[in-house]
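Engineer: Right, I'll just put the structure down here and ask away after.
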Amino acid sequence: MEGFRALSQRGIIVNVKCFPLKPNEIKEWERRLLDLVDLSESPKNDEEWFIHFLERYTRLSPDYCTSLARKYNCQYLIAYQEQPNLYQFVKKGWPLVYENPIYAVFAVPYN
């Protein structure tokens, strides 16, 4: 994903793998992570957090992703090909602009 991200020349809502080292940036990082998966508070331990994050991220609805995209001014959504709800995005009018065996990239439709 790192090469893909660099070549796309786009910002991201949050980097899941890399967290900030400055104490004043940690709260914003956590808030964006929680926003990304529609949680109000962090699970109690790291293993529980990661499980919750992946489970929720792969089940986000197109409607929730649209509201998140508006909030953060996003133009694209990157989804895993194995997401169970992947083609709900196509049904809701999200144009599929790129795909490979791992990822699908959708343009955010601002209706």
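The values are calculated or read from the model by the stated rules, or taken from the named source; none is laboratory data. Only a predicted model underlies this, so the values are computations on that prediction, with no experimental measurement involved. Using ideal geometry, Cβ is built from the backbone for each residue, glycine included, and neighbour counts are taken over all protein chains shown.
Engineer: Can you name the condition, by its number, that Pro109 falls short on among (1) at positive phi; (2) in contact with a Gly (Cβ under 7 Å, 6 or more places away or on another chain)?
Structural biologist: (1)
Engineer: Could you grab me the full set of residues in segment 84-107 that are in contact with a strand residue (DSSP E or B) (Cβ under 6 Å, 6 or more places away or on another chain) and closer than 15 Å to Leu68 by Cβ?
Structural biologist: Residues satisfying the conditions are Phe89, Trp94, Phe106, Ala107.
Engineer: What are the residues in segment 82-111 that are at pLDDT below 90 and among the polar types (S, T, N, Q), if any?
Structural biologist: Passing the criteria: Gln83, Asn85, Asn111.
Engineer: Let me ask another. Mind listing whichever residues of segment 91-101 are surrounded by 12 or more Cβ atoms within 10 Å (Cβ to Cβ) and either of a type in the set (D, E, K, R) or within 16 Å of Thr58 (Cβ to Cβ) (or both)?
Structural biologist: Those that are surrounded by 12 or more Cβ atoms within 10 Å (Cβ to Cβ) and either of a type in the set (D, E, K, R) or within 16 Å of Thr58 (Cβ to Cβ) (or both): Lys92, Trp94, Glu99.
Engineer: Another question about this same structure. In segment 57-74, is there at least one residue being touching a residue at least 12 places away in the same chain (Cβ under 8 Å), of a type in the set (A, V, I, L, M) and more than 22 Å from Gly11 (Cβ to Cβ)? Outline the logic, then answer.
Structural biologist: Of all residues in segment 57-74, those touching a residue at least 12 places away in the same chain (Cβ under 8 Å) come to 57-66, 68-72, 74.
Right, trim to of a type in the set (A, V, I, L, M) and you get 60, 68-69.
Now restrict to residues that are more than 22 Å from Gly11 (Cβ to Cβ): none.
The answer is no, given that none of the residues of segment 57-74 is touching a residue at least 12 places away in the same chain (Cβ under 8 Å), of a type in the set (A, V, I, L, M) and more than 22 Å from Gly11 (Cβ to Cβ).
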